[in-house]
């Protein structure tokens, strides 16, 4: 096999000269002298017994034989480069771990266990990318994805880590203006703070009230937000009622910044879901990281 191959060192030089249509520019790109580029191209032509370039005064163009050879060389070098990148990334994966997470999960579930992860894996550099962009749409490579709601996908393996509860919350001041333990019908008439963003597959007010056979009353003063944190912040200021997810709103309830307005609630069975790409080799620590996250979560009855 080796006897049929052309001089391997000449291929990168040939590809550069063919792509740039210039020996001088190829010399700059390959950090060689122009004479060295000319010599290596001539060596390759002698080996193949064909002329690969038409030489002109200021540039070069490929002959028919050169065009045919260039297609193969370009494809082969691109494939080699791709495989080399994959191998380098696999090597780096032993020292890095990327978590792509819904912003709320990153804030309220991952942040408290960062020390535990670093203590358990001191040789690993953890990166947490938090976003409201759906995992299914992101182009960011990750080892583990976390978001609410399991969505069937041919691209990911999914594991539900924990359930969650959703219930109405408001400020203590707003509570004073409301009747005690309002019904779903009562809630539908209140100033409701709406959360609309794509990746939550979120339980909105319409879906929540429907569970209690109630329709959402149209109100012009309703406010709509694309950020869960901003929505809760506006509720804290006493401007209306938001839907709070137990795992992320518990601290505000404990601190007295928000209160539960009603005994009504809805269980979200897939409140925290782990996503892993099916066709990528798993990171060696992924299963253990998932287990650490799972062990850190209380039952929602205790949240």
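The values are calculated or read from the model by the stated rules, or taken from the named source; none is laboratory data. Not measured: the values here are computed from a predicted model. In this analysis, Cβ positions are derived from the backbone assuming ideal geometry, glycine residues included, and neighbour counts consider all displayed protein chains.
Observations
- Scope region 138-156; condition in a strand (DSSP E or B) and farther than 29 Å from residue 253 by Cβ; matching residues: 156
- In region 35-123, counting only strands (runs of 3 or more DSSP E) that sit wholly within it, the ones holding 2 or more residues that are in the same structural domain as residue 288 (by TED's automatic domain parsing) span 96-102.
- Residues in region 6-21 that are in contact with a helix residue (DSSP H, G or I) (Cβ under 9 Å, 6 or more places away or on another chain) and not in a helix (DSSP H, G or I) were compared, and the one that is farthest from residue 69 (Cα to Cα) is 7.
- Tally, over region 167-181, of residues that are surrounded by 12 or more Cβ atoms within 10 Å (Cβ to Cβ) and modelled with pLDDT of 95 or more: 8
- Cross-chain or 6+ apart pairs with Cβ under 6 Å, region 277-300 first and under 18 Å from residue 141 (Cβ atoms), then in a helix (DSSP H, G or I): 283/93
- Looking only at region 124-137, and only at residues there that are part of a loop (DSSP other than H, G, I, E, B) and in contact with a strand residue (DSSP E or B) (Cβ under 6 Å, 6 or more places away or on another chain), the one that is nearest to residue 100 (Cα to Cα): 135
- Considering region 213-303, the qualifying helices (runs of 4 or more DSSP H), each wholly inside and each with 2 or more residues that are within 23 Å of residue 124 (Cβ to Cβ), run over 286-296.
- Among the residues of region 91-124, the one identified as without any contact (Cβ under 8 Å) to a residue 60 or more places away in the chain, within 17 Å of the chain's Cα centre (by Cα) and more than 23 Å from residue 248 (Cβ to Cβ) is 96.
- Evaluation of residue 159 against (1) part of a strand (DSSP E or B); (2) closer than 22 Å to residue 269 by Cα; (3) in contact with a helix residue (DSSP H, G or I) (Cβ under 6 Å, 6 or more places away or on another chain) (one fails), failing number: (3)
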